[in-house]
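> My questions all concern the structure below.
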Amino acid sequence: MATIGFIGLGNMGGPMAANLLAAGHTLKVFDLDPALAEPLIADGATLAETPGDTVAGVDVLVSMLPNGDIVKDLYIRDQALLDRIDPATLVIDSSTIAAEDAREVHEAAKARGVGMIDAPVSGGVGAAKSGKLTFICGGDAEDVDRGREVLGAMGKAVFRAGPSGAGQVAKICNNMLLAVHMIGTAEALALGARAGLDPKAMTEIMAASSGRNWSLDTYNPWPGVQDGVPAGNGYEGGFLVKLMNKDLGLAAAAAERLGAETPMGELARKLYGEHAEASYADKDFSSILERFRNSE
Ligand code: NAD
């Protein structure tokens, strides 16, 4: 069992840290909001007073933070954690950030002899709680292998997409596709319903036909079609529209930099941007259905 430092105990990081504790690892935790550490401390974790305390004497450091600026502040700017970390420590950043930001931090880690991987996740808060996240890693194969046991306590699958930053690239490609097929699913269901068809019956038909996709058969946006999805709970929880917009912004920036044509991704970004402005920023992304359903 490892001694693990964990920074960022929000919607995702909190349950991920809880799963590390449940697997028997020793945990030191830190968040800007100390109240988020309380349930973990009740279960045996130690509270780190500062980010610097989190890295002392740990085998692995995991971070789960909102964006690239915060990750860079922590590792290479304000807190400069990489300057004080023992080179034997493996650093795993699971935040979703731009691939260039990940590479910049990795380079700094490499220069100090510290192994680091980017390991953004697929799967939302539910998968974080049930320990069924998919980790999409970038970094040296040896470092990804060193992280497998710890990642395995929080997820059901660990992939190595390629060198540093590759995990972030694969993650935003996946989420761009997710946005596109969620919008397509929502507009198809709304069109059928407007023509008088039952969305549940349509779902059964399309799930057995060539329109089948994850947004349709696992995360259906129409309330009442499936149990246990945000559509059945007023679109509360789940994967928030504002986070989808962040990922679509990262995808658009990557496409521009690489000269790639991503018309569907761009349209999805426009529609999700409008959806956030229509007061859905803090709702699950499947709420995009309401745009098509309400446009009658
Ligand atoms: P969140 O806002 O709930 O949690 C982030 C946490 O980081 C907060 O508790 C905040 O206090 C803490 N924090 C911010 N700056 C800090 C600092 N300098 N030091 C220590 N703690 C700091 O966000 P989340 O939903 O847990 O998402 C975290 C990451 O996971 C994001 O990059 C997000 O894109 C990604 N992600 C989220 C989901 C999801 O469904 N929520 C799914 C996949 C990936």
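Laboratory data are not the source of any read-out in this text; all were calculated from the coordinates shown. Everything numeric in this text was worked out from a predicted model, so none of it was measured. Note that each Cβ is placed from the backbone with ideal geometry, even for glycine, and that neighbours are counted across all protein chains shown.
> Counting only helical runs of four or more DSSP H residues, what would the 222 nm mean residue ellipticity of the chain come to if each run contributes -39,500 (n - 2.57) and the total is spread over all its residues?
On the way: 13 runs with 137 residues, N = 296.
Dividing the helical sum by the residues of the chain leaves -14000 deg cm²/dmol.
> PHE159 to THR50: FRET efficiency via 1/(1 + (r/R0)^6), r the Cβ-Cβ distance, R0 30 Å, to the nearest 0.05? Before the final figure, lay out each step's value.
Working: r = 33 Å, r/R0 = 1.11.
According to the calculation, E is roughly 0.35.
> So, in the chain, how many Lys pairs have Cα atoms under 20 Å apart, if the pair is 8 or more places apart or on different chains?
Number of lysine pairs found: 18.
> Subtracting the Cα-Cα distance from 0.36 nm times the residue separation, let me have the gained length for GLU142 to LEU267 in nm, one decimal. Working shown, then result.
Working: separation 125, 0.36 × 125 = 45.00 nm, distance 3.88 nm.
Full extension from GLU142 to LEU267 adds 41.1 nm.
> Which order do peptides 173-181, 93-101 fall in by mean Cβ count within 10 Å, highest first? List each step's numbers first, then the result.
Details: 173-181: 20.0, 93-101: 24.0.
Result, highest mean first: 93-101, 173-181.
> Hey, another quick one. Find the centroid of the Cα atoms in region 44-93 and in region 278-294, then give the distance between the two in whole Å.
36
> Under a point-charge model restricted to the Cβ atoms of Lys and Arg (+1) and Asp and Glu (-1), what is the dipole moment magnitude of the chain relative to its Cα centre, in debye to the nearest 20?
Here the size comes out at about 600 debye.
> A follow-up question, please. Provide the packing ranking of 222-230, 152-160, i.e. peptides ordered by the mean count of other C-beta atoms within 10 Å per residue, highest first. Write out the running numbers ahead of the final one.
Details: 222-230: 16.7, 152-160: 18.9.
Going from most to least packed, we get 152-160, 222-230.
> Here's a follow-up. Counting every Cα pair in the chain, what percent are over 32 Å apart? The partial results should precede the final answer.
Working: 12654 of 43660 pairs.
Cα-Cα pairs in the chain separated by more than 32 Å: 29 percent.
> If I model a spin label as a point 7 Å beyond the Cα along the Cα-Cβ vector, how far apart are those points for GLU149 and ALA278 in nm?
5.0
> Okay, moving on. Which listed residue (THR218, GLN168, ALA23) has the Cα farthest towards the positive end of the charge dipole for the chain, taking +1 on Lys and Arg C-beta and -1 on Asp and Glu C-beta about the Cα centre?
THR218
> Order these peptides, 78-86, 284-292, by their mean beta-carbon neighbour count within 10 angstrom, highest first. Before the final figure, lay out each step's value.
Working: 78-86: 16.8, 284-292: 23.7.
Result, highest mean first: 284-292, 78-86.
> Moving to a separate point now. So the label point goes 7 Å from the Cα of ASN294 along Cα→C-beta, right? Which residues of region 220-254 then have their backbone N under 13 Å from it?
The answer is 235.
> Give, as ranges by residue number, the residues of region 96-122 whose backbone N falls under 15 Å from the point 7 Å along Cα→Cβ of GLU256.
98-100
> Under 18 Å from the 7 Å Cα→Cβ point of ARG212, by amide nitrogen: which residues of region 221-241?
It comes to 221, 226, nothing else.
> Here is a follow-up. Helix check for the chain. Which DSSP H runs span at least 20 Å along their own axis by Cα, with a mean Kyte-Doolittle hydropathy no less than -1.0?
Working: long enough: 166-194 (42 Å, 0.83); 241-258 (25 Å, 0.39).
Passing helices, by number: 166-194, 241-258.
> With an 8 Å Cα cut-off and a minimum separation of 6 or more residues, compute the relative contact order for the chain in percent.
About 13 percent, as a whole number.
> Rg and Dmax of region 1-78 over Cα atoms: what are they, in angstrom?
Answer for region 1-78, Rg first and Dmax second: 11.5, 33 Å.
> Could I ask something else about it? Once Lys and Arg get +1 and Asp and Glu get -1 on their Cβ, which of GLY13, ALA153, THR50 lies farthest toward the positive end of the dipole of region 3-163?
The one lying farthest along the dipole's positive direction is ALA153.
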